[in-house]
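Notes follow once the structure below has been shown.
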Amino acid sequence: MPFPTRGNYCQPLDILATFFAKADAEKSRAKHNRYLEIPGFDPVLVTRDPEVVRAVFTATGVGEGRLDRDTMPSTGIARATGSDTLLFPNGPEWQTHRKASAKAVGKTALFTDEVFEEFEQTFRINVEQRIDELKHHFESSGKTEIEMALEPEIKCIMIEMLLLNFFGAEVDPADIRQRYIPAIDKIIRDTIDYQFNFARFPRKKSTRKDLELEEAFSVFEHLTDLSMAPRAAGVCAWARVDQKWADEDLRNNVKVFSAGALEATTSYAAWAMSHLARNTQCQSRVFREVRSIDSFKTDAIDQAPWLKNVLRETLRLTPSLYFPTRRSVTDTWITAARGGRMFLPAGTHVPLDVWYSNRVEEFWGESKTGYPADEFHPERWDTIDESGCSKDHLHFGFGHGARVCPGKHLSELEASLVVGGIVKLFEFEAFAEDNEPKAGVSTKPLDGTRVRLRLRQE
């Protein structure tokens, strides 16, 4: 059934795919677009056409002929973070948030040697601790490799760098692992249930699950207090936000970035590691680039083009953001890149199937890039860049247009550091051949990026 129900809501990628059953047999451009009009309901356009997706993203804004971000699917997230944030509002409210945060999360603010050095130092401490643990394990067991899931480790690294470096919070790393991450994870799971109304039914009495969720929200608030405190001293990246930003708005956006570090940024790095674990030649090539890099500064990242290709291909093939939505405020015409026009009546919900639009064969396949669209081939980006057609082959891993992901540059910084740093220190191979996704607020590898890990000897 192509709608979220209690039976299938945990499989959103399957729901999206259902809309396009037998589409491959169709010849027209309509094969990538499905328009639904059911009496009593707002119309819905589900699209995986890259040109239509791009046109919708580009038309996002306020006023006649524009599309607002559809807030209906985000009610669960708003429950966790508050609705007055970078993610939820539209129009002037969103513009206020975006302007206030620009000095803190923009590329010029983050991609500096000073910021890189701070993030790297936290990464080094975390990894050094892990190496000591691994060495102890190898010595005591007599083994040279260990089987483990990388995603939990990546999650810890990401949130530590965010809290310690971006927010400047004084937080015990042990508390991050044992207390704060489980609390945020619990809240994120609840947002998914709440979004599809499965957590809204009244209960006769409080349950253990209710009490655990209340405790998780309390822990999240405490973590937000710790993240807010250093701003007054002006020594952290978060201090660069507009001083006119209300404290409550600041708190809500701290929650957005904290949850984002655990979801989107972890997803980004975990997928990259998952692909490299199944493509050891790609992994070796990344290693050859980063082995001589002593410090991951801005220019060092520029000197690692293959690592950059790996990250770009990761975002294309397995994007964290897979299901953004828009809604037409008024009767709207959108124009695709090749001149095609589409009419959207006022109130039309427009789910953008980014996961599959990044895999459409006509746009991303062998005839365009030299490689199959549904396979991991970082080398396709060399061809695209050389041909000068990268704009025509735009993937939507961070969205596009005015409402592009606000944490894009922070995520790129952290992912490049973590992926490059881990490859430099460890060799790893996938535990299984399958690389299937699981999807919730973001997508992640179903196996948790389970690998056989060993220290590099080179």
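The values are calculated or read from the model by the stated rules, or taken from the named source; none is laboratory data. It should be emphasised that the depicted structure is a prediction, and the values quoted were computed from it without experimental measurement. A quick note on method: Cβ atoms are made from the backbone with ideal geometry, for glycine too, and the neighbour counts reach across all protein chains shown.
Taking LEU425 as the residue in question, decide whether it is hydrophobic (A, V, I, L, M, F, W, C) and under 16 Å from the mean Cα position of the chain (by Cα).
Working: hydrophobic (A, V, I, L, M, F, W, C): yes; under 16 Å from the mean Cα position of the chain (by Cα): no.
No.
Go over the candidates GLU170, GLU145 one by one and state the one that is touching a residue at least 12 places away in the same chain (Cβ under 8 Å) and closer than 28 Å to ARG231 by Cα. If you could, list the steps in order and put the result at the bottom.
Working: GLU145 fails: closer than 28 Å to ARG231 by Cα.
Every option except GLU170 fails the conditions.
Output the residue which, of all residues in the stretch 205-239 that are among the polar types (S, T, N, Q) and out of contact with any Phe, Trp or Tyr (no Cβ under 8 Å at 6 or more places or on another chain), is modelled with the lowest pLDDT.
Per the stated criteria, the residue is SER206.
Looking at ALA402, is it touching a residue at least 12 places away in the same chain (Cβ under 8 Å), within 30 Å of HIS136 (Cβ to Cβ) and not in a strand (DSSP E or B)?
Values: touching a residue at least 12 places away in the same chain (Cβ under 8 Å): yes; within 30 Å of HIS136 (Cβ to Cβ): no; not in a strand (DSSP E or B): yes.
No.
Can you find, within the stretch 32-75, the residue that is farthest from ARG359 (Cα to Cα) among those that are at pLDDT below 85 and in a helix (DSSP H, G or I)?
Among those residues, the one meeting the criterion is THR75.
When both residues are 6+ apart or on different chains and their Cβ atoms are under 6 Å apart, which pairs have a first residue that lies in the stretch 121-136 and is closer than 13 Å to LEU425 by Cα, and a second that is of a type in the set (Gly, Ala, Ser) and surrounded by 13 or more Cβ atoms within 10 Å (Cβ to Cβ)?
Sorted first by the residue in the stretch 121-136, then by its partner, the pairs are PHE123/GLY421.
Kindly list the number of the only condition in (1) out of contact with any Leu (no Cβ under 6 Å at 6 or more places or on another chain); (2) closer than 26 Å to SER442 by Cα; (3) not in a helix (DSSP H, G or I) that fails for ALA169.
So ALA169 meets the others, but not (1).
Only one residue in PHE111, PHE123 is at pLDDT below 70 and over 30 Å from LEU344 (Cβ atoms), so which one is that?
That would be PHE111, the only listed residue that is at pLDDT below 70 and over 30 Å from LEU344 (Cβ atoms).
Within the stretch 428-458, how many residues turn out to be surrounded by fewer than 14 Cβ atoms within 10 Å (Cβ to Cβ), touching a residue at least 12 places away in the same chain (Cβ under 8 Å) and closer than 29 Å to TYR356 by Cβ?
3
How about the stretch 327-364: which of its residues are under 20 Å from ARG380 (Cβ atoms), modelled with pLDDT of 90 or more and either of a type in the set (S, T, N, Q) or surrounded by fewer than 17 Cβ atoms within 10 Å (Cβ to Cβ) (or both)?
Answer for the stretch 327-364, where residues must be under 20 Å from ARG380 (Cβ atoms), modelled with pLDDT of 90 or more and either of a type in the set (S, T, N, Q) or surrounded by fewer than 17 Cβ atoms within 10 Å (Cβ to Cβ) (or both): SER357, ASN358.
When the residues of the stretch 392-423 are filtered to those that are among the aliphatic types (A, V, I, L, M) and over 17 Å from GLU151 (Cα atoms), which remaining residue is surrounded by the fewest Cβ atoms within 10 Å (Cβ to Cβ)?
Just the residues of the stretch 392-423 that are among the aliphatic types (A, V, I, L, M), to begin with: 394, 402, 404, 410, 413, 415, 417-419, 422-423.
From what is left, the residues that are over 17 Å from GLU151 (Cα atoms) are 394, 402, 404, 410, 413.
Working: LEU394: 19, ALA402: 16, VAL404: 14, LEU410: 29, LEU413: 26.
Restricting to residues being among the aliphatic types (A, V, I, L, M) and over 17 Å from GLU151 (Cα atoms), the top hit is VAL404.
Does the stretch 365-383 contain any residue that is under 24 Å from GLU26 (Cα atoms), at pLDDT 85 or above, of a type in the set (Phe, Trp, Tyr) and surrounded by 14 or more Cβ atoms within 10 Å (Cβ to Cβ)?
yes
Which one of the conditions (1) part of a loop (DSSP other than H, G, I, E, B); (2) within 20 Å of ALA269 (Cα to Cα); (3) touching a helix residue (DSSP H, G or I) at 6+ places or on another chain (Cβ under 9 Å) does ASP434 fail to meet, given that it meets all the rest?
Tallying (1) part of a loop (DSSP other than H, G, I, E, B); (2) within 20 Å of ALA269 (Cα to Cα); (3) touching a helix residue (DSSP H, G or I) at 6+ places or on another chain (Cβ under 9 Å), ASP434 fails exactly one: (3).
Filter the stretch 161-175 down to the residues that are within 25 Å of ARG240 (Cβ to Cβ), of a type in the set (A, V, I, L, M, F, W, C) and surrounded by fewer than 20 Cβ atoms within 10 Å (Cβ to Cβ) and list them by number.
VAL171, the sole residue that qualifies.
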